[in-house]
Amino acid sequence: MSAASAGSPAASAELRLDPLARLGRLVYGTGAIARVEVQKLRHDNLDIFTRSVQPLLWLFVFGTALQHARSLNGGTGDYRAYIAPGVMAQAALFVAIFYGLAVIWERDLGQLQRLLATPLPRLGIVLGKASGASVRAIVQAIVLFAVLAIARIEIHWSVFGVLGSLVLLAIGTAAFACLSMVLAAVVKTRERFMGIGQLVAMPLFFASSALYPLALLPVWLRAIARVNPLTYEVEGMRRMLLALPVGDAVWIDFAVSIAFLAVFAGLAARLYPRAIL
């Protein structure tokens with residue numbers, strides 16, 4: 001009886017919170033965790049540099065080798081410009097898909113247990129950590145934008161194109177980071193997580209339009225690419241950065257990415273306490 005009476009005030013207080021108050025707690029929790037993640041980034045500049053090398057290799061080695069392949073450039077004239085959004089998304093994907101390692105690391109150090117003991121909403125913790133992955137992806141994209149400008153690779157330099165692509169990149173990266181946290185809550189060990197992360201990341205990348213137009217894919221692979229959320233992220237960025245006909249398609253790309261984030265953020269928040277078991 002005493003346990004029930006001790007638990008009931010907190011439970012009833014939680015139930016009395018109106019939606020605006022719950023939203024305020026969620027925003028506060030997300031912001032608090034996001035600030036912690038950004039502070040980690042400030043002390044890890046080398047990680048940003050090393051992770052920026054991989055998309056540059058894709059762009060200047062793979063992209064230059066196939067620079068004049070007309071069937072691959074999607075009508076842009078320069079294959080490097082065509083794959084630029086794809087390699088941005090690919091670099092962000094690999095940041096996000098291994099973000100769950102931090103969850104396992106924090107559990108091993110005992111930090112996760114202390115974090116879950118705070119009154120911060122679980123969804124706020126998940127979204128805050130996902131925001132950290134998005135910030136890393138945006139920094140990498142800015143570096144790549146600078147390289148594109150220096151190399152005079154022609155993309156459409158418009159405010160809508162650049163900012164819109166960064167927003168879509170941030171949403172997609174946060175969604176994949178939430179997927180990674182779901183995996184971390186289930187897998188438990190770092191070694192097993194690394195293997196599963198590779199198993200998830202590589203098919204997502206190659207079964208998308210990051211490197212080639214969907215029209216060139218066989219029917220079965222095209223069907224997989226159509227349900228791959230990375231395809232919508234890449235296609236949306238490509239439409240904005242290459243000034244391709246937008247219409248309603250770019251809003252569909254945003255809608256799919258937001259829905260993907262909502263589903264896996266909710267699932268990660270539900271499974272997150274299991275990571276300490």
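Bear in mind that the values in this text are calculations on the coordinates, not laboratory data. Keep in mind that this is a model prediction, so the values were computed, not measured. All Cβ positions, even for glycine, are placed from backbone atoms using ideal geometry, and neighbour counts span all protein chains on display.
Please arrange 114, 122, 239, 190 by how many other C-beta atoms lie within 10 Å of their C-beta, fewest to most.
Least crowded to most crowded, the residues run 114, 190, 122, 239.
I need the peptides 22-33, 164-175 ranked by packing, meaning the mean over residues of other C-beta atoms within 10 angstrom, with the highest value on top.
164-175, 22-33
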